[in-house]
Every structure is written in C-alpha cells, then in structure tokens.
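Working notes, beginning with the structure itself.
The values are calculated or read from the model by the stated rules, or taken from the named source; none is laboratory data. Keep in mind that this is a model prediction, so the values were computed, not measured. No Cβ is skipped: glycine too gets one built from the backbone with ideal geometry, and neighbour counts run over all protein chains shown.
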C-alpha cells in the first residue's frame, strides 16, 4: 500500500509542509489515531467471540471470516503505517506489546450470558467505531487520513446492518428485555471508556519519546476534547448522542482527577480505569435504532461489565 506519510509528497506546494506541522502538532489526533490502531489490531479477539456464539450460522460465520475480519486486519495495518510514518517519536510495536500484555492479563472482559447480549454489544461497538471514523473524516487536516477514515466509516455502516440483523433475529428467537438491553449497551460504553481505551492510551503514552511535537494530554482531557470533536463533526443521530453523553459524563469525572504518577509499565499521564454500576433504562431502542449505523470513540471489543 502507498504510504500515507505527508512527508513523502512531491515538493512544490508550500501548503504541504505547513499541513504536516499541523498534523504532527495535533495531540488529540495523535492519541485517537494511535489508539484506533491498537484497538483495531485486537479485532481477532472479537472475531473469536462472534464465532463462539454464532459459528453455527454458516452465512454469518463466513461473512465474519472472509469479509469482516480481513477488513479489520487490513485497516489496522493501514492505520499503523500512518501513525509510524507521521509520528516516528512513538514506538508503535512497543505500545502494542504493552496493550497485548494488558489484554492477556485482564482478559477480554466478562463473557456475556447470551447470544443477544453479544449481538447487541457488537452493534454498540460498531456504532461507536463508525462515529469516530466519520468525525475523523471531517476533522483531520490530512486529506489522505480523511479519505481513509471515510472509507472505514462506510465499512462500519455496512457491518452495522449485519450485526443489527443478527441481533433482531436473536431477539425474536430468544427474547431480550429492555432493561437487559440497556444495561448491555451502557456497559459496552463504560468498558470501552474506563478500561479498554485507557489501557490503549497508557500504552501509547508510555512509549512516546521525551520530546513530542504535540502537547501531552491526560486521559480525561483527551476524552473531553475528542468528545467535542465527535459532537461537532459526527453528524450524530439521537441514539448516538445518548452513547456520546455517557462518554462525556466520564470525561467530566476524569478531568477532575489529578494526573497520577504511574509505574514504568504505564504512563505518568494516565488515569486508572475503574468499573461502574448500571443505569436503569427506559428503552433499549436508543442503542439499536435503524437510523443509527455509527456512535462514540472506541473500536475495540465491546464488553458487558458488572456493577
């Protein structure tokens, strides 16, 4: 694949060096794209979970193995190459090793009790991923990154249709209450916000060089700033705004915490993830509306957390 490094563009356009400076100096952009690269690289774990629950569905299993997972693997490579070329101060492979160690130590999270839980969780995760890439496609300074993000957002919209159909079929077949649905959806947001994305953020911060071209951010500030980006550029439907508000509530809480000194394994600019309890729903439809094909800032495996 052609490198996405802005520095490899032909000379003769004065705006391009300026554009590169803007891209490299954008801290929220760096953290969000680098985190996306780590989260996307972990998608084989999500595929294993899907096949565990839905492997007997031959059509869905074939789509997962031959279309969904290969696209995830390909995009992880493309995003990694972009990060490595644009921010060489970050040791991507060391960051990935730390994140993989975290996954191995903590596990993929609580196993959801039923197939409908798993299908709904994947709907929410796909919604969040799609909204992030859709926002990135409109906000990033680099046209190549915008084009890549726009293509990925479209892929996520198509994938959402598969997961929504899967969820609808399981809901009719097995039954799934509104309270259970809402708890699962909000649990996915909380696990991404309070566990998975912080772990990726810590892995990234721990492996940046001493001098980086962007202001160093704490996790709470990063989530708050990216939440504002997504709210402005994501063209969010009502269900997506509900998911985003859950991220923003967490950002306000995290922003009030002082930055903590951490071990060498984790960044001194990180906060410690924590679990949170459930919120009682009015309806489960907010997270699976047919209008919604995309949602907030995480691409990783969705989780169902306990109170």
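Of all the residues that make up segment 185-235, how many are in a helix (DSSP H, G or I), touching a strand residue (DSSP E or B) at 6+ places or on another chain (Cβ under 8 Å) and surrounded by fewer than 19 Cβ atoms within 10 Å (Cβ to Cβ)?
0
If you check every pair at least six apart or on different chains, which have Cβ atoms under 9 Å apart with a residue in segment 100-112 that is on the phi > 0 side of the Ramachandran plot and outside any helix (DSSP H, G or I) first and a residue that is surrounded by 12 or more Cβ atoms within 10 Å (Cβ to Cβ) and modelled with pLDDT under 65 second?
Matching pairs, first to second residue: 109/301; 109/302; 109/303; 109/304; 109/305.
If only one of 166, 158, 145, 120 is crowded, with 21+ Cβ neighbours inside 10 Å, at pLDDT 95 or above and assigned to a helix (DSSP H, G or I), which one is it?
Exactly one of 166, 158, 145, 120 is crowded, with 21+ Cβ neighbours inside 10 Å, at pLDDT 95 or above and assigned to a helix (DSSP H, G or I), namely 145.
Looking at the structure I just gave you, is residue 180 surrounded by fewer than 24 Cβ atoms within 10 Å (Cβ to Cβ), over 24 Å from residue 238 (Cβ atoms) and modelled with pLDDT under 95?
Here the answer is no, as residue 180 does not meet what is asked.
Is it true that some residue in segment 71-88 is modelled with pLDDT of 95 or more, within 18 Å of residue 204 (Cβ to Cβ), assigned to a loop (DSSP other than H, G, I, E, B) and touching a strand residue (DSSP E or B) at 6+ places or on another chain (Cβ under 9 Å)?
yes
Taking the condition of being assigned to a helix (DSSP H, G or I) and touching a residue at least 40 places away in the same chain (Cβ under 8 Å), how many residues in segment 170-184 meet it?
Adding up the residues that qualify gives 10.
Do you know which of the residues in segment 132-142 that are over 16 Å from the mean Cα position of the chain (by Cα) and part of a helix (DSSP H, G or I) is surrounded by the most Cβ atoms within 10 Å (Cβ to Cβ)?
This residue is 139.
Answer yes or no: is there a residue in segment 46-60 that is within 18 Å of residue 200 (Cβ to Cβ), buried (at least 17 other Cβ atoms within 10 Å of the Cβ) and in contact with a strand residue (DSSP E or B) (Cβ under 8 Å, 6 or more places away or on another chain).
Among the residues of segment 46-60, not one is within 18 Å of residue 200 (Cβ to Cβ), buried (at least 17 other Cβ atoms within 10 Å of the Cβ) and in contact with a strand residue (DSSP E or B) (Cβ under 8 Å, 6 or more places away or on another chain), which makes the answer no.
Answer yes or no as to whether residue 80 is touching a helix residue (DSSP H, G or I) at 6+ places or on another chain (Cβ under 7 Å) and either more than 17 Å from residue 161 (Cβ to Cβ) or touching a residue at least 40 places away in the same chain (Cβ under 8 Å) (or both).
Yes: the conditions hold for residue 80.
On the basis of being in a helix (DSSP H, G or I) and at pLDDT below 95, does residue 126 make the cut? Show your work before the answer.
Values: in a helix (DSSP H, G or I): yes; at pLDDT below 95: no.
Here the answer is no, as residue 126 does not meet what is asked.
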